[in-house]
Amino acid sequence: MASGILGQAALSATTNTTVYTVPSSTLSIVNINLVNRSTSATVDVRVALASTATPQNSEWIEYDTTVPVRGVLERTGIAMNAGERVVVYTSTANCSVSVYGLEQTV
């Protein structure tokens with residue numbers, strides 16, 4: 001059983017980035033923390049729990065949510081099944097994302 005940081009990325013602008021994929025035969029409980037590192041601009045972010053690297057419309061849990069300068073967006077206690085991915089998209093490149101939590105073999 002893994003615990004702690006499960007995935008991290010410094011995000012590229014306007015690109016879907018898979019930050020974490022739940023391993024096979026595993027259930028994960030994750031927290032997602034996204035930080036706007038910019039000192040001057042807000043950022044619009046999208047977060048999906050998706051079956052592929054290109055989320056379907058129904059898989060987004062945040063969509064064009066504005067994060068203020070040096071602000072944080074956090075989602076906690078998310079249960080995910082084997083093969084599901086955390087996919088993040090941002091309007092600028094001044095963002096970092098961390099996925100942390102627990103993995104349990106099933």
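Could you count how many residues in the stretch 36-58 are surrounded by fewer than 19 Cβ atoms within 10 Å (Cβ to Cβ) and either touching a residue at least 24 places away in the same chain (Cβ under 8 Å) or in a loop (DSSP other than H, G, I, E, B) (or both)?
Number satisfying all stated conditions: 13.
Within the stretch 64-75, is even one residue modelled with pLDDT of 95 or more, in contact with an Asp or Glu (Cβ under 6 Å, 6 or more places away or on another chain), farther than 20 Å from LEU102 by Cβ and of a type in the set (Asp, Glu)? Lay out the reasoning, then the answer.
Taking the stretch 64-75 as the starting set, the residues that turn out to be modelled with pLDDT of 95 or more are 64-75.
Add one more test, that the residue is in contact with an Asp or Glu (Cβ under 6 Å, 6 or more places away or on another chain), and what stays is 64, 66.
Now drop any that are not farther than 20 Å from LEU102 by Cβ, which leaves 64, 66.
Cutting the leftovers down to of a type in the set (Asp, Glu) gives us 64.
Yes, the stretch 64-75 contains a residue that is modelled with pLDDT of 95 or more, in contact with an Asp or Glu (Cβ under 6 Å, 6 or more places away or on another chain), farther than 20 Å from LEU102 by Cβ and of a type in the set (Asp, Glu).
Any residue in the stretch 1-22 that's within 9 Å of TYR89 (Cβ to Cβ) and at pLDDT 95 or above: show its pairings with residues that are of a type in the set (A, V, I, L, M, F, W, C) and buried (at least 18 other Cβ atoms within 10 Å of the Cβ) at Cβ separation under 6 Å, as long as the two are six or more apart or on different chains.
LEU11/CYS95; ASN16/VAL87; THR17/LEU11; THR17/VAL88
The values are calculated or read from the model by the stated rules, or taken from the named source; none is laboratory data. Quick caveat, the model's predicted, so the values are computed rather than measured. Because the Cβ atoms are built from the backbone with ideal geometry, glycine has one as well, and the counts that use them run over all protein chains shown.
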